[in-house]
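Encoded as structure tokens, the structure appears first; notes follow it.
The values are calculated or read from the model by the stated rules, or taken from the named source; none is laboratory data. Nothing here was measured: the structure is a model prediction, and the numbers come from that model. Because the Cβ atoms are built from the backbone with ideal geometry, glycine has one as well, and the counts that use them run over all protein chains shown. These accessible areas exclude ligands, DNA and RNA; they are computed on the full protein's heavy atoms, side chains included. Shrake-Rupley method; radii C 1.70, N 1.55, O 1.52, S 1.80 Å.
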Amino acid sequence: MRPHALAGAARILRRMTGLPKLNLESVPGVLGRIVAERAADYADVSADVGPARPAARRFEAALAGPGLALIAEVKRASPSQGAIALLDPAQAARAYEVGGAAAISCLTEPRHFDGNAQALLDVVAAVDVPVLRKDFVVHPAMLREAAEWGASAALLMVSVLHDATGAYLETAHTLGLDALVEVHSERELDIALECGARIIGVNNRDLTTLHIDLNVSPRLIRRARDAGFAGVLVAESGYRTPADLDTVRELADAVLVGTSLAGSGDLTRAARDLMAPT
Ligand SMILES: O=P(O)(O)OC[C@@H](O)[C@@H](O)c1c[nH]c2ccccc12
């Protein structure tokens, strides 16, 4: 059989049997704990993702333009910071939009990030820019929900999904969602590239240790471009000042920023100040 015929057969089989089973026991550290909790949350939920939807590609289009785009994150708490700010999600998202954000990321993980479904629904209703569902996707129903709740995109983490990343990506695309495929190492980047990701995010934060290294994004973004990747590249985590962005200004299409904006007290101004040209 030709390779694409094999891929087609695998696709049909997957539709009949659901997505590949994830090996979450192998995910280490803080991340391992969170994904185990999320998997338990969805253990009894149907894997049926419902009807296909046309691709809108709104999230991708918002980031692809010239210059560095801002994805501003509604983040009330995190494992590394604890409580960040008691944001009203709709108000925060609107403030970010006024401050020039091209897209909003909204956490829906409840235990460590103080997110929930209502926050995402409120954000989608409050802004015109596309919204990313930020969660630890470990079950296809989480993608169905993202589409039903009006998100334009969902986060897919290669550190969690490994070999199943491609199948989850395909499911997201079938549901009309863009996917931000997140990587933190050369190995993870190669998986993202192989599975046909259109938007790749490089996380400066190692989610198993929570350690931040701002050199990770420029290093892996260069590697992606050297490999011929022509899609959207996002630098993620740890950015606090315009000077911090100098390492990715000429390399990345967008930056994803949460903590430094969310904890600033004036979200519009913080977004503007961060993105001001140096
Ligand atoms: O708050 P920061 O350091 O600006 O980072 C934002 C975003 O990159 C971070 O929240 C994030 C990136 N990938 C994730 C995966 C799950 C939860 C959270 C994240």
**OP:** Just need a number here: residues in segment 66-104 that are away from the ligand (no atom under 13 Å from the Cβ), within 18 Å of A276 (Cα to Cα), not in a loop (DSSP other than H, G, I, E, B) and not β-branched (V, I, T).
**Re:** 3
Original post:
Do the conditions hold for S217, that is, is it within 15 Å of the ligand (Cβ to nearest atom) and over 15 Å from the mean Cα position of the chain (by Cα)?
Top reply: no
Original post:
If you go through segment 198-214, how many residues are within 19 Å of D178 (Cβ to Cβ), part of a loop (DSSP other than H, G, I, E, B) and within 15 Å of the ligand (Cβ to nearest atom)?
Top reply: 0
Subject >> Where a residue in segment 53-74 is at positive phi and its partner, wherever it lies, is within 16 Å of the ligand (Cβ to nearest atom) and modelled with pLDDT of 95 or more, with Cβ under 7 Å and at least six apart >> reply: R57/D178
Original post:
In segment 221-235, which residues are assigned to a loop (DSSP other than H, G, I, E, B) and either among the hydroxyl-bearing types (S, T, Y) or within 15 Å of V183 (Cβ to Cβ) (or both)?
Top reply: A227, F229, G231
Original post:
Could we say that L193 is open to solvent by less than 40 Å² (accessible area, probe 1.4 Å), of a type outside the set (S, T, Y), in a helix (DSSP H, G or I) and touching a Phe, Trp or Tyr at 6+ places or on another chain (Cβ under 7 Å) here?
Top reply: no
**OP:** Hey, can you tell me all the residues within segment 168-186 that are more than 16 Å from the ligand (Cβ to nearest atom) and open to solvent by 10 Å² or more (accessible area, probe 1.4 Å)?
**Re:** E170, T171, H173, T174, G176, E186
Subject >> Given (1) touching a residue at least 24 places away in the same chain (Cβ under 8 Å); (2) more than 19 Å from L207 (Cα to Cα); (3) of a type in the set (A, V, I, L, M, F, W, C), number of the condition L86 does not satisfy >> reply: (1)
Original post:
Do you know which of the residues in segment 230-261 that are out of contact with any strand residue (DSSP E or B) (no Cβ under 7 Å at 6 or more places or on another chain) and either of a type in the set (F, W, Y) or within 16 Å of the ligand (Cβ to nearest atom) (or both) is nearest to R76 (Cα to Cα)?
Top reply: S260
Subject >> Positions within segment 236-258 being of a type outside the set (V, I, T) and in a loop (DSSP other than H, G, I, E, B), in sequence order >> reply: S237, G238, Y239, R240, R249, E250, L251, A252, D253, G258
**OP:** Would you be able to tell me the number of residues in segment 199-219 that are open to solvent by less than 60 Å² (accessible area, probe 1.4 Å), touching a residue at least 60 places away in the same chain (Cβ under 8 Å) and over 18 Å from G67 (Cβ atoms)?
**Re:** 4
Original post:
Give me the pairs: first residue in segment 131-142 and in a loop (DSSP other than H, G, I, E, B) and within 10 Å of the ligand (Cβ to nearest atom), second residue of a type outside the set (K, R) and open to solvent by 10 Å² or more (accessible area, probe 1.4 Å), beta-carbon distance under 6 Å, and six or more apart or on different chains, which are they?
Top reply: none
**OP:** Could you run through segment 220-229 and say how many residues are buried (at least 17 other Cβ atoms within 10 Å of the Cβ) and more than 16 Å from the ligand (Cβ to nearest atom)?
**Re:** 2
Original post:
Here are A154, A126: which of them is touching a helix residue (DSSP H, G or I) at 6+ places or on another chain (Cβ under 8 Å) and crowded, with 24+ Cβ neighbours inside 10 Å?
Top reply: A154
